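No value in this document is a laboratory result; all are computed from the given coordinates. The model shown is predicted, which means the values in this text are computed figures rather than measured ones. Cβ coordinates were reconstructed from backbone atoms using ideal geometry, including for glycine residues, and neighbour counts include every protein chain displayed.
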Amino acid sequence: MDKTEYVVYWTDHNGVAHATPTSDMGDALKITKRMRDAGMTFVVMASELTANVGKMGVAAVVDGKCPDGGDFLGRTARHGMALKRAHKESDMGDPE
């Protein structure tokens, strides 16, 4: 089984790019915080997501339905909600 790897990237005060790999998400988050606290710029954490299959998010909405037949409610952050799918009460309970 593949283990997810993380890499933290940042640019130092001289504009030189750096990267530190780790297999522990907690370590990656600590490195990210440490670099930001030190005033580094363009600090990002990336992962290959080795166990992920397919594309992120909903691939298609046809007539208000997701590919699995569930309802899709498009809301924006500007309206106080992130994009979310409506779940049937029997599947996931009340989504609110």
Length released on extending from Ala51 to Thr4, taking residue separation times 0.36 nm less the Cα-Cα span: 16.2 nm
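Ser23: net charge of surrounding residues, Cβ under 10 Å, Lys/Arg +1, Asp/Glu -1, itself excluded?
Neighbourhood net charge equals -2.
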Cα→Cβ-extended label distance, 7 Å offset, between Ser23 and Arg36, nm: 2.7
